[in-house]
1. Kindly report the accessible area of the range 29-129 per residue (heavy atoms of protein chains, probe 1.4 Å, no ligands, DNA or RNA), in Å².
2. Once amide H atoms are placed 1.01 Å from N in the peptide plane, what residues at a sequence separation of 5 or more from residue 118, or on another chain, have their amide H within under 5 Å of its amide H?
3. Considering only protein heavy atoms, what is the solvent-accessible area of residue 96 at a probe of 1.4 Å, reported in Å² to the nearest 10?
Amino acid sequence: ILIMGLLFIFLYNSYRSIKIVCRRSYRASPWCCLISSLVGVWYTGCTALTHHLYGPSCRTVIWTAIICVTISTMAINALLLERAYLAHQRNRFLLTFGILLIAPAPILIYRAWYDAQVSFTPSSGCYSKFPLTFPAIRLLIDLPPNAVFSVAFLMVIYQQYRRFGDRCWKRLTRDGMTTMLLVRLSNLICVMCNLSPQLGEVKHALYIVD
């Protein structure tokens, strides 16, 4: 039920993203939204077919998850980079620095190739075991670019609010800060849960949920 619910959400997001791409195909952000949604469809669709007689193997599902998470992370960070880049009057230094922050993301795939141990149990289904360092590495790769781009974008919004005092800028500032803090909280909770031995096999799937 959970997988089918996620599949429906990603399909709906893909539909909305395609509509935005058709209107603003010259911008990078609609394409980033579309890529992130499509890899979600790819992963959830692959997972939904696991129990089918001719469905993908457990190892295929796990590798699909790792690749999709990496692509989605890079797409979201690229979207935030574009927003920050435009907000800062097309600052070339910010663009170059941002690309360097996003570039290490494929390290997750490299680490998973050596560290992931794919398993299947009747209670938990298909899952992978990762060493305790893997969630921390993901946090170190994902957190810096996400935080830098979000803060850079919110700084400009807050300055506009201080300058013009418009309610729209105030709402953007408030909603942007709330979203950024919720994302950071989700990252930290995921890492803490992965370090907790009480959660057993479930904890290995939390980084995908995050």
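The values are calculated or read from the model by the stated rules, or taken from the named source; none is laboratory data. Just so you know, these numbers come straight off a predicted model, no measurement behind them. Accessible surface is based on the protein model in full, side chains and every heavy atom, while ligands, DNA and RNA are left aside. Shrake-Rupley method; radii C 1.70, N 1.55, O 1.52, S 1.80 Å.
1. Computed with neighbouring chains in place, this is 55 Å² per residue.
2. Residues meeting the criterion, in which the H sits 1.01 Å from N, are 129.
3. The accessible area comes out at roughly 80 Å².
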